[in-house]
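Student: First the structure, then my questions, so here it is.
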Amino acid sequence: GKRLSEQSGIPWHAVIAHRGDSFDAPESTRPAYLLARALGADYLELDLQRTKDGQLVAFHDDTLKRTTNVEEVFPERADDPISSFTLAELKQLDAGSWFNERYPARARSSYKGLKILTLDEVRSIAEGGDNHPGLYIETKVPKQFPGIEADLKAYLETHHWMGDQALQAPKNFDQKSHVGVAFTPGRVVLQTFEKSSLVNLQQQMPEVPKILLLWLGDGYIPADESIRKGEDESAADFYAREQVASQQAYADWLDFAKSNGAVGVGPSAVQSEHDGKFSSQFSYMDLAKRWMVDMSHEKGLLVHLYTVDQPQDFRTYSNRGVDGFFTNHTSALLQFYGRP
Ligand code: G3P
Ligand code: CA
């Protein structure tokens, strides 16, 4: 996949800091993104949502309960979606203390009271410092946010992360602050699980590389009776039939991605160890078996795998040829790739 990677302007063996360095600091907060940047991640990953007053923010879950004190601050609204809160309301929440309670060994008093970040704040972190990570932006539950792809395009253009001006350093480039750093192709990557959002992203930003995320339930093993084991069917016959169905479904998935402008796919990995930190209901799915990685490459698609933190898993999947990982543990992946 190295050639494919270079064609898209995406670093090969990409280190994608999943919600920042979310192993060491509360996910999607300033210290998580600052740590990922300082360590040398290629990309800061974020999940894009939109507030009631139209602000783009970096937040993963559908509700605020797991990673903020919403139940204290807005007890009546703890189950409400992000889209029902204004940015000012979100900024009242403590998005760091949960981490200290959940991970005492990695707790820090400075994590208390951390704020939810806007896309603008994550962008300015990416532009600051000595390293220049890109942004790897997921449109999250985009059906909740009609038009969010156009909002994102407008935002990226305004800040020169895409468009003609993005390909060269602005005249006022400041060597010291790195404000105005030259944005190269591949500096921003767009990702989504939703086929409809991929279509919208492609329509809005055809020149920006896109990744279709893959998960079970959207076609891999079709949830249809035809692949259930028949009572009189031998296990061998069933598995043979299932394999054919799976290969066809996977091929269909890849073909959809390819024909709608994606440069790659983001399948889920099986993790050999999991501490229950993240929503892990799909972590048993290995959607990057060797034949799947091979098929993706044969169709000209990159493979970025989510979400992998353990050295033995980096090894297993790298041996199958995947081109990069979403990881919570930036330093572990950099070490695996032999980067300082
Ligand atoms: O974006 C890749 C990976 O982050 C997808 O899963 O649920 O962590 O956004 P999730
Ligand atoms: Ca994500």
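The values are calculated or read from the model by the stated rules, or taken from the named source; none is laboratory data. This one's a predicted model, so the numbers in the text were calculated from it and none came from an experiment. Cβ coordinates were reconstructed from backbone atoms using ideal geometry, including for glycine residues, and neighbour counts include every protein chain displayed.
Student: For residue 109, which of the numbered conditions (1) out of contact with any Pro (no Cβ under 8 Å at 6 or more places or on another chain); (2) at pLDDT below 95; (3) farther than 23 Å from residue 63 by Cα fails to hold?
Tutor: Among (1) out of contact with any Pro (no Cβ under 8 Å at 6 or more places or on another chain); (2) at pLDDT below 95; (3) farther than 23 Å from residue 63 by Cα, residue 109 violates only (2).
Student: Looking only at helices (runs of 4 or more DSSP H) that fall completely inside segment 236-340, which ones have 3 or more residues that are surrounded by 14 or more Cβ atoms within 10 Å (Cβ to Cβ), at pLDDT 95 or above and touching a helix residue (DSSP H, G or I) at 6+ places or on another chain (Cβ under 6 Å)?
Tutor: Those helices (runs of 4 or more DSSP H) span 330-336.
Student: Counting just the residues of segment 296-317 that are in contact (Cβ under 8 Å) with a residue 40 or more places away in the chain and closer than 16 Å to residue 10 by Cβ, which one comes out nearest to ligand 1 (Cβ to nearest atom)?
Tutor: 306
Student: Just wondering, is there one or more residues in segment 89-102 that are under 24 Å from residue 155 (Cα atoms) and in contact with a strand residue (DSSP E or B) (Cβ under 8 Å, 6 or more places away or on another chain)?
Tutor: yes
Student: Kindly evaluate residue 86 against the criterion of being modelled with pLDDT of 95 or more, under 23 Å from the mean Cα position of the chain (by Cα) and of a type in the set (Val, Ile, Thr).
Tutor: no
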